[in-house]
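J.: Below is the structure I would like to discuss, written out as structure tokens.
None of the figures in this text is laboratory data; all of them are computed from the coordinates on show. Not measured: the values here are computed from a predicted model. FYI the Cβ positions are ideal-geometry reconstructions off the backbone, even for glycines, and counts take in every protein chain you see.
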């Protein structure tokens, strides 16, 4: 294929938030239209990404470019402080623009350092670097002098050629003459045309090469209006605002190579330089690495040996007398883990969970597929025996596919931050960071945004936005909703609104912080990914500065970095608070090891569906299902959690399950080999693990192949499914199963497998559900007190949460627990138990703050009961 002789080197994607209007990938994760045009229509051999002050999209861009056969050039339009990056004073111009491109891996690493330090040290409205940092991290970088806001251009605009020449020479010295280019632009702006002769004169005097760029912000010339709307959204202005920020021309689009060549025909070197720069770039980012931190060990000890030692100790603790089945399962899992070099991963997770348990921070019994691992069980990472519940290790770790394990961990929400801080201190503050997230412009939101910019009233925009069905995109809505079709055909302004909103839909709008995810690296994270800072408000409405990655979790995982989800689960706090109350009075030696999974009172509670406040089982629909099912064992509870989802409900699986449970529908197995796999679910394929076991036992699939089939069915990947169909039917022949029956069995797992739930996750959460039900059934006073306390503070969030607190109060009364009113002489800050009753907490009173509550309690404890309102008012006045 003949390539063009021009490459775009200054380009803004959607990661120049609310300024760049081009996506890198589409809604299906495939290279977006921009890259298809660059590759197929323009036939450019390379393309650069230079977003404003950040590298958010670098990895996504790198991978998408390779997918279409275009060389990715990773860059950034940096903000360079006018003086020191530490100086944070208002001035007419406290920063300039500078375009940087990574020439090689060293340059890429230095670019990450610069971008990170811009946020960490130089942030003042924008993430700024200074020339001190540029000099320190210049190696491997190519610099272009920038747009009209570049330092060279600004001096020329001020008619100070001498200073412009001086600045150009400074940058040339910093980056090297061969790596600094004088950037020429012509987007039809008079100022650009004015300074082009001066820029060319500087290039001639200094011997620097000129290079042509187009500062691309949108794809086509006709997209200029949509980009203008996008700028209005970002600056909270309307199209009618005279003084709003806007581009003065429609020329900031991806001009074709021919257009650029004609535009700069007066200086062919500027076009040639783009190819010269592209040829210089030799960057290779690796995605086949596993970058686990080093877990500290004694001399002569390896992660593999230490992991096995811990597991063997845990095996004896868990089983007292381990059988050959336990030993074989452990041996197999360890062999896979060691072969995949993941021993350190398990040691890292074991260590911070061990810290939590030793410091009284409640940890959940497990979540996700990790509960299918006996290694996790023996280490105390999970509390679910995978053999007892028929859980599969391969659902967690596929030996045929080398990808990082993912153990999500639940901690009590009151202790989660302490665990995170422990990890930061152990592996180094610079080696840990939270993960950035990106909010996108969803259908209803973008309609409201565009409508505001176009001058629609809030009432009008809301009315239009609400016509879009939940979950639908704008295109689908315009095709399927008659009211929208009628509006578009009858009102040109509304037609323009939908056309514009459709183009902007899905663009990145803002950044956020991953709710639980954190990256832990073996070295400073800036060696692998750039960092950013985000201002977040904590529970006390105070601002916290959070350090995050600039790459999202998908990109960080692709690079091979360790991501751990530290999840806060309020239910664990409720359980812990209940047990603390029990240990103060009724059950000083309470332990879950002494609690059976067939407690009569607990199952009576299930039969009567009195599960308000019970984890996962309190919604009205779930209680209705439970009342019909009348569970008799823990497997039924696990099934309930798996059934109550849109897929199974829509497929009629709930009624079928209940009918089979109670013998109204006969349970029939199409082959005897299915009975041991499906017996617990009455012949219904409910779990992903069942799909895997059928593929393994019936068709002879390896564990890894079975997991591949499971994943293909869950994600509905047709080509993989059809390939596996043939393998399944052929494999079933070895068990004397005819092709006809093999086809039937495959269709069954196809039908139900698409709805299959992760049993490992359901089993772990089923145990939490059982524990909360057990506490409510056996210790209702203490449990409901803890539940009520968990709602304090949440009630102010919304009317729905407030109604929830009222619902729990009524539920407690239905259990014949008397609720004593708030009393200045008797109430504690929170709900408390008092002579077999629950006393209303002062903090649960609307608009009463914690400081006032604490002061009342302190005064009462110090001086005894209040004797007059005057004393109380005086005490409160001091606080308020």
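J.: Could you order peptides 286-298, 160-172 by the average number of other Cβ atoms within 10 Å of their residues, highest first?
T.: With the highest mean Cβ count within 10 Å placed first, the list reads 160-172, 286-298.
J.: Restricting the calculation to Cα positions, tell me the Rg (one decimal) and the Dmax (whole number) of region 50-202 in Å.
T.: 15.4, 46
J.: Which of the peptides 676-682, 761-767 is most tightly packed, and how do the rest follow, judged by the mean count of other Cβ atoms within 10 Å per residue?
T.: 761-767, 676-682
J.: Another question, then. Taking 37 °C and 0.692 mPa s as the conditions, I'd like the Stokes-Einstein D for region 434-492 in µm²/s, using the Kirkwood hydrodynamic radius from alpha carbon pairs.
T.: Calculated translational D: 264 µm²/s.
J.: Same structure again: Just from its helices, what would the mean residue ellipticity at 222 nm be for the chain, if runs of 4 or more DSSP H residues each count -39500 (n - 2.57) and the sum is divided by every residue, rounded to the nearest 500 deg cm²/dmol? Don't skip to the end; give the middle numbers.
T.: Working: 37 runs with 418 residues, N = 880.
The helix-only estimate for the chain comes to -14500 deg cm²/dmol at 222 nm.
J.: Given region 394-478 reduced to its alpha-carbon atoms as identical point scatterers, what log10 I(q)/I(0) does the Debye formula return at q = 0.16, 0.18, 0.20, 0.26 Å⁻¹?
T.: Taking Cα atoms of region 394-478 as identical point scatterers yields -0.79, -0.84, -0.92, -1.27.
J.: On C-alpha positions alone, give me the angle between the axis of helix 416-427 and the longest principal axis of the chain, in degrees, nearest 10.
T.: Taking Cα atoms only, the helix is inclined about 60 degrees.
J.: Using alpha carbons only, how many angstrom separate the centre of region 698-769 from the centre of region 493-524?
T.: That distance is 35 Å.
J.: Right, another one. Can you give the Rg and Dmax of region 175-251 based on its C-alpha atoms, in angstrom?
T.: That works out to 16.3, 47 Å for Rg and Dmax.
J.: Which distance in Å, rounded to a whole number, links the C-alpha centroids of region 122-157 and region 231-282?
T.: Answer, in whole Å: 19.
J.: A further question follows. Two-decimal Rg/Rh of region 615-762 from alpha-carbon positions, Kirkwood Rh?
T.: Here Rg/Rh amounts to 0.98.
J.: Given Cα pairs under 8 Å that are at least 6 residues apart, what percent is the relative contact order of the chain?
T.: On the way: 1499 pairs, mean separation 85.2, N = 880.
The value is 10 percent.
J.: Hey, fewest Cβ within 10 Å first, where do 37, 519, 768 land in order?
T.: 37, 768, 519
J.: Using Cα centres only, tell me the gap between region 406-473 and region 640-685 in whole Å.
T.: Centre-to-centre distance over Cα atoms comes out at 37 Å.
J.: In degrees, nearest 10, range 0 to 90: what is the angle between the Cα axis of helix 688-699 and the longest Cα principal axis of the chain?
T.: Taking Cα atoms only, the helix is inclined about 80 degrees.
J.: Would you please state which residues of region 733-754 a label at residue 666 would reach in this model, taking the label point 7 Å out along Cα→Cβ and a backbone N cut-off of under 11 Å?
T.: Flagged as within label range: none.
J.: Give me the distance in nm between label points sitting 7 Å out from Cα along the Cα-to-Cβ direction at residue 166 and residue 823, one decimal.
T.: If labels sit at residue 166 and residue 823, their model points lie 8.1 nm apart.
J.: Within 10 Å of each residue's Cβ, count the other Cβ atoms and sort 570, 810 from fewest upward.
T.: 810, 570
J.: Right, here's the next one. Among 262-275, 480-493, how do they line up from the highest to the lowest mean number of other beta-carbon atoms within 10 Å?
T.: 262-275, 480-493
J.: Between rounded, prolate and oblate, where does region 311-380 land on the alpha carbon gyration tensor, with a ≥ b ≥ c its root eigenvalues, rounded for a/c under 1.5, else prolate if a/b exceeds b/c?
T.: In terms of gyration-tensor shape, oblate.
J.: If you don't mind, there's one more thing I want to ask. Based on the alpha-carbon set only, what is the convex hull volume of region 1-74 divided per residue, in Å³? Each step should come with its number before you reach the end.
T.: Details: hull volume 5.9 nm³, N = 74.
In region 1-74, the Cα hull volume divided by residue count equals 80 Å³.
J.: While we're here: Evaluate region 678-805: find the radius of gyration of its Cα atoms, find its Kirkwood radius, and give the ratio Rg to Rh.
T.: Dividing the radius of gyration by the Kirkwood radius yields 1.24.
J.: What's the long-distance tail for the chain, i.e. % of Cα pairs beyond 36 Å?
T.: In whole percent, the long-distance tail amounts to 60.
J.: Turning to a different aspect of this structure: Direction-averaged shadow area of the convex hull around the Cα atoms of region 296-436, nm²?
T.: Numbers: hull surface 38.5 nm².
Averaging across all directions leaves 9.6 nm² for the Cα convex hull.
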